[in-house]
Amino acid sequence: MAPPLAAVTDLPVQRLACEGNLSMDALYSDAGLTPSLDAWADLFAGPIEGRLAGRIVDLCRDAIVISIELPPSVAEVLRSADVPVIDAAVDAHRFLYDIPLAWRSTVANVREAIGAFRVSSFEIRRRVGQIKAKARWLAPIDVPPKATLVLDQVPTDSAMIDPVRRRRVCWTDYSDALERLRRCGPIVWRPHPSNPQSGDMAKLLREATQSNANIYQLLSHDHLSRVAAISSGGVVEARAFGKEGIHLMDRYAGIAIEGWRDAAPVVGHWLSPHFWSAVLDPLIDTRRHVPTLPVEKDFLRRSVNCDWGFGWIDQVVVRD
């Protein structure tokens, strides 16, 4: 963020990370907790109060906080202290020209400014059409008619924290929902490539078919009717492909921050000074005449070295 921000303002850009005096142990100690996945889920769901809340506010006082996947509990602490937050998370539509970041803010005028850069529904539909056309060139995969695709998830992902139950969830919490899905027709389940331990899912689904096929080839298949997951972005992608999408958990339930649920997906513009000139304008004076950089294909996709299967569908296929 430093290069585009430096082009629009002379305010110092300071990186804040969990290191040195701001260690993970120290932060959890302020909350009376010991670091663990369950303690993390507790803090993520919130509320954050007492010493930890005070420490967070003191660290960010008189600042504009620009963050990546900030826990809503932390955003709420800063919002209550009138510290503006501009946060981004990886958007579910990961098959676009580059991976979009979904931007949101605790400030209404900032949300409005971000909206001007939002990916259009036409861009999504156009890309879906391209992928469906490409899928016809790939070696066929077997999907039974009227199938439901169930997507596994990484148990340590924040998307697996239920803000209502205030804890991490797993597939055993949704055994009844899986049973209802069985009545809709055949089940195909896909392990998550970053979760080698899918034992719970395999036991619950029993006779279901496991598939390791590319997610976009599966979404393009005419036999697939619906996609279900606890909270995976793959469900959002499925809706873009014209499939029924079922989330078993609402990961934004109970989060009172206005606009947090409705983040705006932006492809690439956030790397350019012109984006920050517009987005920061409701908060500070910004330079107007700054460079407008073109959106580069795969910039974020390659820099994070992760493309959620898009690289496979994007390859050139040689047909015998």
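What does the helix-only formula give at 222 nm for the chain: each DSSP H stretch with n ≥ 4 adding -39500 (n - 2.57), the total divided by the residues, and the result rounded to the nearest 500 deg cm²/dmol? The partial results should precede the final answer.
Details: 14 runs with 110 residues, N = 320.
Value at 222 nm, helices only, nearest 500: -9000 deg cm²/dmol.
Note the direction-averaged projected area, equal to a quarter of the hull surface, for the Cα convex hull of the range 44-175, in nm².
Working: hull surface 47.4 nm².
Averaged projected area of the range 44-175's Cα convex hull equals 11.9 nm².
Taking only C-alpha pairs under 8 Å that are 6+ residues apart, what is the relative contact order of the chain in percent? Kindly include the intermediate steps, with their values, before the conclusion.
Working: 490 pairs, mean separation 72.2, N = 320.
About 23 percent, as a whole number.
For the range 113-163, which chymotrypsin sites (Phe, Trp or Tyr not before Pro) are both in a DSSP coil and crowded by at most 13 other Cβ atoms within 10 Å?
Answer in residue order: TRP137.
Determine, for each peptide in 31-37, 155-161, the mean count of other beta carbons within 10 angstrom over its residues, then list the peptides with the highest first. Intermediate values should be presented prior to the final figure.
Working: 31-37: 12.6, 155-161: 17.0.
In decreasing order of mean packing, 31-37, 155-161 become 155-161, 31-37.
Run the accessible area of the range 21-125 with a 1.4 Å probe and give the carbon-and-sulfur part as a rounded percent. Write down the numbers at each step before the final one.
On the way: 2570 of 4960 Å².
Carbon and sulfur together cover 52 percent of it.
Can you give the Kirkwood hydrodynamic radius for the range 13-115, in Å, rounded to one decimal and based on Cα pairs?
When all Cα pairs of the range 13-115 are included, the Kirkwood radius is 14.9 Å.
Counting only heavy atoms of the protein chains, get the accessible area per residue of the chain (1.4 Å probe) and round it to a whole Å² value. Working shown, then result.
Working: 16620 Å² over 320 residues.
Value returned for the chain: 52 Å² of accessible area per residue.
Give the separation of the Cα centroids, the range 66-140 to the range 146-195, in Å.
One Cα centre to the other: 23 Å.
How much accessible area does LEU181 have with a 1.4 Å probe, in Å² rounded to the nearest 10?
Ignoring ligands and nucleic acids, LEU181 comes out at about 10 Å².
To the nearest Å, what is the center-to-center distance of the range 220-239 and the range 284-320, using C-alpha atoms only?
The range 220-239 and the range 284-320 have Cα centres spaced 23 Å from each other.
If I compute solvent accessible area with a 1.4 Å probe over the protein chains, what percent of it on the range 205-244 is carbon and sulfur?
Details: 590 of 1460 Å².
The C+S portion of the solvent-accessible surface of the range 205-244 is 41 percent.
Give me the accessible area of CYS170, 1.4 Å probe, in Å² rounded to the nearest 10.
About 50 Å², ignoring ligands and nucleic acids.
Specify which residue in the list ALA229, VAL57, PRO145 is farthest towards the positive end of the charge dipole of the chain, using unit charges on the beta carbon of Lys, Arg (+1) and Asp, Glu (-1), about the Cα centre.
With unit charges placed on the Cβ atoms, the residue in question is PRO145.
For the chain, treating each Cα as an identical point scatterer without solvent, what Debye log10 I(q)/I(0) comes out at q = 0.09, 0.10, 0.13, 0.15 1/Å?
Listed by q, the Debye log ratios stand at -0.54, -0.66, -1.07, -1.32.
Can you tally the net charge around ARG182? Count Lys and Arg as +1, Asp and Glu as -1, for every other residue whose Cβ sits under 12 Å from the Cβ of ARG182. Working shown, then result.
On the way: positive: ARG180, ARG183, ARG206; negative: ASP176, GLU179, GLU207.
In short, 0.
Semi-axes, largest first, in whole Å: what does sqrt of 5 times each Cα gyration tensor eigenvalue give for the range 183-256? Numbers along the way, then the final one.
On the way: eigenvalues 79, 60, 32 Å².
So the three semi-axes of the range 183-256 are 20, 17, 13 Å.
Using Cα pairs under 8 angstrom and six or more residues apart, how large is the relative contact order of the range 141-214, in percent?
In percent, rounded to a whole number, it is 39.
At 1.4 Å probe size, put ARG165, ARG55, ARG183 in order of accessible surface, largest to smallest. Could you put the intermediate results ahead of the total?
On the way: ARG165 100, ARG55 70, ARG183 180 Å².
Putting ARG165, ARG55, ARG183 in descending order of accessible area: ARG183, ARG165, ARG55.
Explain nothing, just the number: relative contact order of the range 207-250, from Cα pairs under 8 Å at least 6 residues apart, as a whole percent. Write out the running numbers ahead of the final one.
Values: 44 pairs, mean separation 15.2, N = 44.
35 percent.
Relative to the longest principal axis of the chain, what angle (0 to 90°, nearest 10) does the C-alpha long axis of helix 50-60 take?
80 degrees
Can you give the extra length, in nm with one decimal, that the chain gains between VAL154 and THR172 once fully stretched, where that is 0.36 nm per residue apart less the Cα-Cα distance? The partial results should precede the final answer.
Numbers: separation 18, 0.36 × 18 = 6.48 nm, distance 1.42 nm.
Additional length available on full extension: 5.1 nm.
Considering only the other residues whose Cβ falls under 14 Å of the Cβ of ALA240, what net charge follows from Lys and Arg at +1 and Asp and Glu at -1?
Details: positive: ARG94, ARG125, ARG126, ARG127, LYS132, ARG226, ARG239, LYS243; negative: ASP91, GLU123, GLU237, GLU244.
Neighbour charge sum, excluding ALA240 itself: +4.
Of the listed peptides 145-153, 251-259, what is their order by residue-averaged count of other C-beta atoms within 10 Å, with the highest listed first?
On the way: 145-153: 21.1, 251-259: 14.2.
Sorting 145-153, 251-259 by mean packing, highest first, produces 145-153, 251-259.
The values are calculated or read from the model by the stated rules, or taken from the named source; none is laboratory data. It should be emphasised that the depicted structure is a prediction, and the values quoted were computed from it without experimental measurement. Neighbour counts are summed over all protein chains in view; Cβ atoms, including those assigned to glycine, are modelled from backbone coordinates with ideal geometry. Just the protein is used for accessible areas: all its heavy atoms, side chains included, with ligands, DNA and RNA removed. Shrake-Rupley method; radii C 1.70, N 1.55, O 1.52, S 1.80 Å.
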